[in-house]
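Everything on this sheet refers to the single structure shown next.
The values are calculated or read from the model by the stated rules, or taken from the named source; none is laboratory data. All values derive from a computational prediction rather than experimental measurement. Please note: Cβ atoms are built from the backbone with ideal geometry, for glycine as well, and neighbour counts cover all protein chains shown. These accessible areas exclude ligands, DNA and RNA; they are computed on the full protein's heavy atoms, side chains included. Shrake-Rupley method; radii C 1.70, N 1.55, O 1.52, S 1.80 Å.
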Amino acid sequence: MATKVEVRICFGTLCHVMGGAALDMLEELMPHQWKDLVDIKGANCLEACNQIPDQKPPFVEIDGTLYDQATLAKVMHIIKHQLENGIH
């Protein structure tokens, strides 16, 4: 049985201010058929701001890979790719 796509959204102050607040709506906006295949969790801070100087908030971690400048569209595209290709 396939595991779920794991999504961790950074809700640290900088990520929140830089657009991460909109990512809180991800679960509501996902297609219904994804609901049982995706596990969405919030994180107080993914600590990416200090570790990765060339990337910018907001940050999201999907199946262990960190993505910067996350938007709802970008995150949904990555999730769709993970689900279609069984990469989770």
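Taking only the alpha-carbon atoms of the chain, what semi-axes of the equivalent ellipsoid follow from 5 times the gyration tensor eigenvalues under a square root, in whole Å, largest first? Could the numbers behind the result be given before it?
On the way: eigenvalues 96, 37, 22 Å².
Output for the chain: semi-axes of 22, 14, 11 Å.
Please report the carbon-and-sulfur percent of the accessible area for the chain; probe 1.4 Å, protein heavy atoms only, DNA, RNA and ligands left out.
Roughly 51 percent of what the probe reaches on the chain is carbon or sulfur.
For helix 72-85, report the angle its Cα long axis makes with the longest principal axis of the Cα atoms of the chain; keep it between 0 and 90° and round to the nearest 10°.
40
Mean separation of Cα pairs under 8 Å and 6+ residues apart, divided by the residue count of the chain: what relative contact order is that in percent? Don't skip to the end; give the middle numbers.
Details: 131 pairs, mean separation 34.3, N = 88.
Computed value for the chain: 39 percent relative contact order.
Enumerate the lysines that Lys41 could reach by cross-link, defined here as Cα to Cα under 18 Å, with residues fewer than 8 away along the same chain left out.
Reachable lysines: Lys4, Lys74, Lys80.
Excluding ligands, DNA and RNA, what is the solvent-accessible area per residue of the chain at a probe of 1.4 Å, expressed in Å²? Please list the in-between numbers first.
Working: 5600 Å² over 88 residues.
Result: 64 Å² per residue.
Given +1 on the Cβ of Lys and Arg, -1 on the Cβ of Asp and Glu, and no further charges, what dipole in debye does region 2-64 carry about its Cα centre, rounded to the nearest 20? If you can, show how the numbers build up before the last one.
On the way: 5 positive and 10 negative charges, 15 e Å.
Computed about the Cα centre, the dipole is about 80 debye.
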